[in-house]
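The values are calculated or read from the model by the stated rules, or taken from the named source; none is laboratory data. What you see is a predicted model, and the numbers here were worked out from it, not measured in a lab. Positions of Cβ are generated from backbone atoms using ideal geometry, with glycine treated the same way; all protein chains shown enter the neighbour counts. Remember, those area values only see protein heavy atoms, side chains included, never the ligands or the DNA or RNA. Shrake-Rupley method; radii C 1.70, N 1.55, O 1.52, S 1.80 Å.
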Amino acid sequence: MPNSKSAKKRVRRVEKQTLTNKSRKNKYRTLIKEIRKFVQMKKKKEAQALLPKVNSQLMRVAKNGTISSKKASRLISRVTLQINKL
């Protein structure tokens, strides 16, 4: 339990940040699941059409610090390789 005024403010701020981060993570995870579904069904055109949106979303999330830029790059690379293998 926070005792000082600043600690109480910090708790409120962290709760708000947690909700924002969960929302951002959910968006990029959903897109990655979608693109992997297209890859699994061997729908290359649909996957390629969705790829720029995935890249944009991942870089946006990385820029805000929700995930690291290295993780975003790694995910983009892996998804792109899967699409190119089709």
Q: Using a 1.4 Å probe over the heavy atoms of the protein chains, calculate the carbon and sulfur portion of the accessible area of the chain as a whole percent.
A: 51
Q: At a temperature of 4 °C and a viscosity of 1.567 mPa s, determine how fast the chain diffuses translationally according to Stokes-Einstein, using the Kirkwood radius over alpha-carbon pairs as Rh; express D in µm²/s, rounded to the nearest whole number.
A: 90
Q) Under the Karplus relation 6.51 cos²θ - 1.76 cosθ + 1.60, θ = phi - 60°, what is the ordered set of whole-Hz ³J(HN,Hα) values for segment 72-84, x standing for Gly and Pro? A) 4, 4, 4, 5, 4, 4, 5, 5, 5, 4, 4, 5, 5
Q) Do any trypsin sites (Lys or Arg not before Pro) in the chain lie in a DSSP loop with no more than 10 other beta carbon atoms within 10 Å, and if so, which? A) Lys42
